[in-house]
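K.L.:
Please read through the structure below; I'll follow up with questions.
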Ligand code: SF4
């Protein structure tokens, strides 16, 4: 299916999805598959090349600001495969001089030599799926890695010369104490990363954890406990100079993840690979943008791309209402919130002042410097509040 795209000069990101993992974690609902390391790497990379070629009209003539190899476990790839994808992109689009090029890594899937090769290929940011440094928590989450693996991975990342790296942590395991979570944060800090993501465990439909939960075999901390965990994470990390720029994300100034900012600011991104999503802000029948996504199953994805060049399985044009809702839903996740003037300019809407005052009086949102933001109380109820804020702007 060909997309009718009108080019834009705002930041453009490219997301490359690698759906293969060593084992499938029981809490994970990403489009990822346990393979024990046996997967059709060369065929998959060829399909990515073909899909990038077929997407030429979206990226040609534009500057790519970010590339993100996500998954799945992209660090399972041989560096040569990553190089093929990078070369294909570079043959069509130009990269901005300070392009952020991230690759997600799991401990035990890349050593110092592999990381150094990836760095030579242009990868300049690594995101390490640590999840926890506690043996108990790693076991709970069904991770095959040990605390020693996590430490070794971070030492390798640093020794390979990376200065910009993120650590992913999860909290909210059964019987987790605040001390245990704070210990993860402090251990993460001891590696001086530029970025830390701390995600709260959620039970996602279709996962092994969802089955256990339904059968009453999984007990998790109360919401009030989780809110206190997040508050203490914020206190510790802000005290060490990390800004909590998005609900679950902390960064040293200037190291906010530029690729994810493209999502949160509803800018343009091309997603390639099984199940990848794309969004272009201009285009669509009504000019409010277009979203589309690929077939999730990697085998079917490869077959469709080989046959047709594209593996799009769903595509829809945004209406003014859905584009406005997306802008608020994504933008209000950021501590900077959204600029009211931009909303007025793009959507031609005037906020209902009495509605805004009413929301502010509840202590969940605030307007300041012409921006609309959620308060820290409000961040706990983002989804509910976005629906109410949308009502004020329609
Ligand atoms: S390694 Fe990451 S992507 Fe793969 S199954 Fe586990 S959580 Fe999901």
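K.L.:
Could you work out how far apart the two model spin labels at residue 375 and residue 217 are, taking each label as a point 7 Å from the Cα in the direction of the beta carbon, and quote it in nm?
P.N.:
4.3
K.L.:
Which of 62, 119, 135 moves most in a GNM of the chain, Cα contacts under 10 Å?
P.N.:
135
K.L.:
With runs of 4+ DSSP H residues as the only contributors, calculate the mean residue ellipticity of the chain at 222 nm using -39,500 (n - 2.57) per run, divided by the residue total and rounded to the nearest 500. Write down the numbers at each step before the final one.
P.N.:
Numbers: 15 runs with 155 residues, N = 394.
The helix-only estimate for the chain comes to -11500 deg cm²/dmol at 222 nm.
K.L.:
Report the rotationally averaged projected area of the stretch 321-393 based on its alpha-carbon convex hull, in square nanometres. Don't skip to the answer; put the middle values down first.
P.N.:
Working: hull surface 16.5 nm².
Convex hull of Cα atoms, orientation-averaged projection: 4.1 nm².
K.L.:
Could you quote the convex hull projected area for the stretch 152-268, Cα atoms only and averaged over all directions, in nm²? Don't skip to the end; give the middle numbers.
P.N.:
Details: hull surface 36.7 nm².
The Cα convex hull of the stretch 152-268, projected and averaged over all directions, gives 9.2 nm².
K.L.:
Can you tell me the length gained on complete extension of the stretch residue 350 to residue 232, counting 0.36 nm per residue apart and subtracting the Cα distance? The partial results should precede the final answer.
P.N.:
Working: separation 118, 0.36 × 118 = 42.48 nm, distance 3.77 nm.
Difference between extended and current length: 38.7 nm.
K.L.:
Could you tell me the distance between the Cα centroids of the stretch 264-331 and the stretch 144-181, to the nearest Å?
P.N.:
Answer, in whole Å: 32.
K.L.:
Of 380, 82, how do they rank once you tally other Cβ atoms within 10 Å and put the fewest first? Please list the in-between numbers first.
P.N.:
Numbers: 380 17, 82 25.
Ordered by Cβ neighbours within 10 Å, fewest first: 380, 82.
K.L.:
Hey, another quick one. Going by how many other beta carbons lie within 10 Å of each one, how would you line up 52, 126, 340, fewest first? Don't jump to the answer; show the numbers that get you there.
P.N.:
On the way: 52 22, 126 26, 340 18.
Ascending Cβ contact count within 10 Å gives the list 340, 52, 126.
K.L.:
Quote the convex hull volume per residue of the chain, based on C-alpha atoms, as a whole number of Å³. Numbers along the way, then the final one.
P.N.:
Details: hull volume 55.8 nm³, N = 394.
It comes to 142 Å³ per residue, whole-number rounded.
K.L.:
Express in % the proportion of alpha carbon pairs of the stretch 46-172 at distances exceeding 27 Å.
P.N.:
Here the long-distance tail beyond 27 Å is 25 percent of all Cα pairs in the stretch 46-172.
Read-outs: derived from the displayed coordinates by stated rules, not from any lab. Given the structure is predicted, the values throughout are model-derived calculations rather than measurements. Backbone-built Cβ (ideal geometry, glycine too); neighbour counts: all protein chains shown.
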